[in-house]
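First comes the structure, then the notes that go with it.
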Amino acid sequence: MADLRVGFIGTGDPRAKRSVMGYAMAYRQAPGYVDLADKCKIVACADLVRERAEIFSETFDVPGVYTDYHEMLEKENLDMVSICTWMHLHEQMTVDCAEAGVRAVHCEKPMATTWAGCKRMAKVCADKGVQLTFNHMRRFGKPFREAKALLDAGEIGQLRTLQYGEANLYDGGTHHLDMFGFFNDQTPVEWAMAQIDYRTESLVFGSHNENVAYAVWKYQNGVYGQCLTGRAGRELIGAYDKLVGTEGAIEVGPFLPKGEERVMLRIMRKGSTKWENVDCGPEGLHGHNDDAKEPVLYHRRAVACAVQCLEEGTEPEIGAKNALQSTEITFACWESARRRGIVEFPLDIEDNPLDAMVASGDLKPAKRE
Ligand SMILES: NC(=O)c1ccc[n+]([C@@H]2O[C@H](COP(=O)([O-])OP(=O)(O)OC[C@H]3O[C@@H](n4cnc5c(N)ncnc54)[C@H](O)[C@@H]3O)[C@@H](O)[C@H]2O)c1
């Protein structure tokens with residue numbers, strides 16, 4: 001018998017082409033609850049566009065259809081809510097869920113669009129005893145888990161540097177920074193230093209993301225984090241995530257020349273000067289690669305983690321505590337660019353420095369044609 005009454009806020013449109021204007025993440029998360037039919041039942045969904053909520057309702061056999069999520073929260077006595085909307089909405093929707101009495105919120109990444117907003121959503125949930133998780137689903141992917149196992153087995157000596165060469169500091173960056181927390185045993189950060197370039201407007205799900213960032217930060221255990229976002233990162237870092245040790249290196253998702261075999265994980269072990277590919281089966285970087293046997297696999301595992309932790313009362317690894325740790329790096333790097341200097345942790349700002357620099361005219365990204 002299904003005990004958990006689950007609701008969705010923001011269903012998206014599955015017919016639309018997936019892009020930075022919408023990925024319909026609800027369709028990636030919902031199968032996770034369907035897998036757990038003995039524990040969960042999606043009983044309601046809300047989308048501003050009724051037709052979208054209706055399509056979701058038909059697809060996943062959801063009885064309650066709403067255009068006003070407040071009404072859904074009021075009427076449906078929900079235990080758990082998945083929030084699949086753009087990031088500027090995450091904070092208030094999470095707070096509204098917590099205040100309506102739900103026991104768990106599983107929210108899309110990134111947390112919120114200001115540092116104060118991230119802290120607020122985490123605090124309101126903590127104060128009300130609501131479990132708050134984020135869909136940092138890469139943690140459940142084989143290439144990432146295997147990389148951590150190889151690191152922990154001492155195969156590259158002591159960890160020295162974590163690097164990524166892709167995306168940005170925020171929308172995609174949140175995944176990398178979250179994985180770095182995972183690789184580095186959630187060690188807190190001491191300081192961060194960054195410079196950014198933002199000349200062409202880059203709105204991802206409605207929020208600004210820099211074009212290029214060059215950033216370095218130091219964890220309290222002496223490990224350094226480093227990234228070069230934007231295209232050049234592929235060349236400089238050479239991988240999605242790179243773990244450099246005293247005696248070797250691990251690359252998750254190496255950027256290999258076109259035509260070469262696709263590799264998800266490789267290692268240069270201590271005592272060797274050659275890269276060795278590590279077989280990860282069909283599992284890729286996002287959990288929904290075309291060649292993966294089971295699509296949306298990692299998103300399902302993230303939902304399973306959130307449900308299991310709720311049942312057992314244990315701290316989820318995709319919970320707000322770890323998410324705050326990685327998100328602080330994003331905002332600290334943007335703040336470093338604003339201050340033109342090193343930013344010590346804990347971060348003592350409330351706003352979004354990138355948004356603020358655009359609003360003040362310090363940065364003037366040109367609109368895209
Ligand atoms: N985990 C991942 O790998 C991953 C991948 C892509 C996107 N994302 C994240 O997902 C989020 C974007 O979600 P999406 O792509 O599913 O968006 P989407 O645009 O596909 O769907 C969002 C839906 O929310 C609805 N909505 C907006 N305001 C609402 C309100 N007040 N009440 C009810 N419904 C409302 C919209 O009508 C829309 O249908 C972003 O935070 C993005 O970073 C995560």
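The values are calculated or read from the model by the stated rules, or taken from the named source; none is laboratory data. Note that the structure is predicted; figures quoted are calculated from it, not measured. Ideal geometry is used to build each Cβ from the backbone, glycine not excepted, and the neighbour counts take in all protein chains shown.
Points worth noting:
- Test: residue in region 80-96 that is among the β-branched types (Val, Ile, Thr), assigned to a helix (DSSP H, G or I) and in contact with a strand residue (DSSP E or B) (Cβ under 7 Å, 6 or more places away or on another chain): yes
- Within region 62-72, being away from the ligand (no atom under 11 Å from the Cβ) and either surrounded by 13 or more Cβ atoms within 10 Å (Cβ to Cβ) or not assigned by TED's automatic domain parsing to the domain that holds Val43 (or both) holds for Val62, Gly64, Val65.
- For His176: the one exception among (1) out of contact with any Leu (no Cβ under 7 Å at 6 or more places or on another chain); (2) assigned to a loop (DSSP other than H, G, I, E, B): (2)
- Residue that is nearest to the chain's Cα centre (by Cα) [pool: residues in region 248-289 that are among the charged types (D, E, K, R) and crowded, with 16+ Cβ neighbours inside 10 Å]: Glu283
- The residues in region 205-233 that are among the aliphatic types (A, V, I, L, M) and within 12 Å of Thr330 (Cβ to Cβ) can be counted, and the count is 2.
- Sub-7 Å Cβ pairs linking a first residue in region 236-250 that is in a strand (DSSP E or B) to a second residue that is modelled with pLDDT of 95 or more and charged (D, E, K, R), at least 6 apart or interchain, are Ala239/Glu251; Lys242/Glu251; Val244/Arg160; Gly245/Arg160; Ala249/Lys242, ordered by first then second residue.
Residue-by-condition table, conditions (1) of a type in the set (Asp, Glu); (2) part of a helix (DSSP H, G or I); (3) at pLDDT 95 or above; (4) touching a strand residue (DSSP E or B) at 6+ places or on another chain (Cβ under 6 Å):
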residue	(1), (2), (3), (4)
Lys109	no, no, yes, yes
Val124	no, yes, yes, no
Pro143	no, yes, yes, yes
Lys148	no, yes, yes, no
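- Exactly one residue out of Asp79, Asp47, Asp96, Asp38 is touching a residue at least 12 places away in the same chain (Cβ under 8 Å) and over 26 Å from the mean Cα position of the chain (by Cα): that is Asp38.
- Of the residues making up region 170-182, one or more are surrounded by fewer than 24 Cβ atoms within 10 Å (Cβ to Cβ), farther than 14 Å from Thr330 by Cα and modelled with pLDDT of 95 or more.
- Matching residues, region 3-36, being part of a loop (DSSP other than H, G, I, E, B), surrounded by 15 or more Cβ atoms within 10 Å (Cβ to Cβ) and away from the ligand (no atom under 16 Å from the Cβ): Leu36
- The number of residues in region 37-63 being assigned to a strand (DSSP E or B) and within 19 Å of Ala24 (Cβ to Cβ) comes to 4.
- Ile55, sole failed condition from (1) under 25 Å from Cys309 (Cβ atoms); (2) more than 9 Å from the ligand (Cβ to nearest atom); (3) of a type in the set (A, V, I, L, M, F, W, C): (1)
- Residue list for region 251-275, filter: closer than 22 Å to Gly154 by Cβ, part of a loop (DSSP other than H, G, I, E, B) and among the hydrophobic types (A, V, I, L, M, F, W, C): Met264, Trp275
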